[in-house]
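Working notes, structure below.
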Amino acid sequence: MAERVLVTGAAGFIGSHLVDALLARGDRVLGVDNFDDFYDPAIKRANIAGARCSSAFTMAEADVRDPAALGAAMDEIEPDVVVHMAARAGVRPSIAAPALYADVNVRGTAALLDAARARGISRVVVASSSSVYGNASRVPFSEADAAISPVSPYAATKRAAELLCETFAGLEPRLRIVSLRFFTVYGPRQRPDLAIHKFAALISSGRPIPVYGDGSSSRDYTYVTDTVQGVLGAIERTRDPAVRHEVYNLGESQTTTLRELIALLEDALGQKATIDRLPPQAGDVSCTYADISRARDTLGYAPAVPIRDGIPRFVAWFRDTAGRGAAALR
Ligand SMILES: NC(=O)c1ccc[n+]([C@@H]2O[C@H](COP(=O)([O-])OP(=O)(O)OC[C@H]3O[C@@H](n4cnc5c(N)ncnc54)[C@H](O)[C@@H]3O)[C@@H](O)[C@H]2O)c1
């Protein structure tokens, strides 16, 4: 059944893929994005250029922290469901600008939940992050873990946003909220600041790549179409009136070391990397690894693109866009 969906952060990496998937299944979509300067807004405009060709898509250039603008967007589409992707992303930059991260990610989420509650909107899906687990000693990470020791301001803001969801679900019985902990998402349109995109740009232009630590740190990398499939499952889940606030991991449940990742990129690019070895960075965790049994069982989440297939697909896109990411890094 076609739905009316409001997507915040619609012009971003994951948000724009979600918009495309919603339009493809026949939904009406209103995107909200303030095109902030975390990376080149021209990239974000390109992300949604295809969606703009659809009469079922409308874009509102607005800040989620602005209650009037957000409320106007909600009143325009009267959404069945809201998907909140807008955030200041990025672990390392959050150390330099903690107040900005708190403002966008915490105040922004509070404003969004408040606006939804005021309008009787019951279904909300919120993007969270694997970073909330910090350097958890037990792997794979389970939603049952306490997640009370985030190691970066970004992680703390994402955890705080989850707690706000928990609180609002308690305050307003009509609200059904699902928080999704994404594990390092990659694929076409990936943010230029993220390792895979940054490394591809540097390797292909013959420049050294900064490698923090000895290359043994590992990540559970998730191909973006798998993430989007999980988000669609979460949207479906919010139809169930029994839902209050639920949290799910969305990863591949496979880990890849930094060393292995670089080798995969070298193979796909057909070029060797020059390594600039640097000390480990504050705010980085040594490992992320998702237990996805809850998402599999309840959301029907079934990740389908392992990293050995995903990296060549990413590189094909990277080449297609003629090094757009490389240009953004200069
Ligand atoms: N990419 C990942 O690996 C990853 C991992 C974990 C969690 N997440 C979360 O997923 C979501 C999407 O991440 P992404 O990688 O697509 O990032 P992105 O930066 O590409 O997308 C975020 C979008 O939100 C918009 N935005 C920022 N502040 C806003 C505001 N105040 N009002 C309106 N719009 C605003 C930005 O302009 C951007 O288009 C974020 O919530 C992020 O924290 C991403």
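How many residues are touching a residue at least 12 places away in the same chain (Cβ under 8 Å), in a helix (DSSP H, G or I) and farther than 19 Å from residue 208 by Cβ when one looks only at the stretch 265-306?
The number of residues fulfilling the criteria is 4.
Residue by residue, here is whether (1) assigned to a helix (DSSP H, G or I); (2) open to solvent by less than 30 Å² (accessible area, probe 1.4 Å) holds:
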site: 189; (1), (2): no, no
site: 192; (1), (2): no, yes
site: 196; (1), (2): yes, yes
site: 225; (1), (2): yes, no
site: 230; (1), (2): yes, yes
site: 233; (1), (2): yes, yes
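Step by step: first the residues of the stretch 179-217, then only those that are of a type in the set (S, T, N, Q) and under 15 Å from residue 311 (Cβ atoms), then the one that is farthest from the ligand (Cβ to nearest atom). Which residue is that?
First pass over the stretch 179-217, keeping only residues of a type in the set (S, T, N, Q): 179, 184, 190, 204-205, 216-217.
Those left that are additionally under 15 Å from residue 311 (Cβ atoms): 184, 190, 204.
On the way: 184: 5, 190: 7, 204: 21 Å.
Selected residue: 204.
Need pairs with beta-carbon distance below 7 Å; first residue closer than 14 Å to residue 64 by Cβ and within the stretch 76-88, second of a type in the set (S, T, N, Q); sequence gap 6+ or separate chains.
Pairs found: 84/8; 84/109; 85/8; 86/8; 87/105; 88/105.
I'd like the full set of residues that are within 18 Å of residue 123 (Cβ to Cβ) and open to solvent by 10 Å² or more (accessible area, probe 1.4 Å), limited to the stretch 10-45. Give the steps one after another, and end with the answer.
Here is the first cut: in the stretch 10-45, the residues within 18 Å of residue 123 (Cβ to Cβ) are 10, 15, 18-19, 21-22, 25-32.
Listed by number, the residues that qualify are 21, 25, 26, 28.
Taking the condition of being among the hydrophobic types (A, V, I, L, M, F, W, C) and assigned to a loop (DSSP other than H, G, I, E, B), how many residues in the stretch 107-122 meet it?
Let us first name the residues in the stretch 107-122 that are among the hydrophobic types (A, V, I, L, M, F, W, C), namely 110-113, 115-116, 118, 121.
Narrowing further to those that are assigned to a loop (DSSP other than H, G, I, E, B): 121.
Of the residues in the stretch 107-122, 1 are among the hydrophobic types (A, V, I, L, M, F, W, C) and assigned to a loop (DSSP other than H, G, I, E, B).
Mind checking which residues of the stretch 69-80 are within 13 Å of the ligand (Cβ to nearest atom) and farther than 16 Å from residue 109 by Cβ?
Step one: of the stretch 69-80, the residues within 13 Å of the ligand (Cβ to nearest atom) are 69-70, 73.
Within the stretch 69-80, no residue meets the criteria.
Which numbered condition trips up residue 262, out of (1) open to solvent by less than 10 Å² (accessible area, probe 1.4 Å); (2) in contact with a strand residue (DSSP E or B) (Cβ under 9 Å, 6 or more places away or on another chain); (3) not charged (D, E, K, R)?
Of (1) open to solvent by less than 10 Å² (accessible area, probe 1.4 Å); (2) in contact with a strand residue (DSSP E or B) (Cβ under 9 Å, 6 or more places away or on another chain); (3) not charged (D, E, K, R), only one is false for residue 262: (1).
Of 106, 126, 139, 81, which residue is within 30 Å of residue 287 (Cβ to Cβ) and in contact with an Asp or Glu (Cβ under 8 Å, 6 or more places away or on another chain)? Give the derivation first.
Details: 106 fails: in contact with an Asp or Glu (Cβ under 8 Å, 6 or more places away or on another chain); 139 fails: in contact with an Asp or Glu (Cβ under 8 Å, 6 or more places away or on another chain); 81 fails: within 30 Å of residue 287 (Cβ to Cβ).
Answer to the check: 126.
So which residues in the stretch 122-155 are under 29 Å from residue 79 (Cα atoms) and surrounded by fewer than 22 Cβ atoms within 10 Å (Cβ to Cβ)?
Answer for the stretch 122-155, where residues must be under 29 Å from residue 79 (Cα atoms) and surrounded by fewer than 22 Cβ atoms within 10 Å (Cβ to Cβ): 122, 143.
In the stretch 109-140, what count of residues is obtained for those that are without any contact (Cβ under 8 Å) to a residue 60 or more places away in the chain and either within 15 Å of the ligand (Cβ to nearest atom) or under 24 Å from residue 18 (Cβ atoms) (or both)?
Residues that pass the stated criteria total 13.
Would you pick out the residues in the stretch 20-47 that are near the ligand (Cβ under 9 Å from one of its atoms) and of a type in the set (A, V, I, L, M)?
Those that are near the ligand (Cβ under 9 Å from one of its atoms) and of a type in the set (A, V, I, L, M): 32, 43.
The values are calculated or read from the model by the stated rules, or taken from the named source; none is laboratory data. Not measured: the values here are computed from a predicted model. No Cβ is skipped: glycine too gets one built from the backbone with ideal geometry, and neighbour counts run over all protein chains shown. Just so you know, the surface numbers come from the protein's heavy atoms only, side chains and all, with ligands and any DNA or RNA stripped out. Shrake-Rupley method; radii C 1.70, N 1.55, O 1.52, S 1.80 Å.
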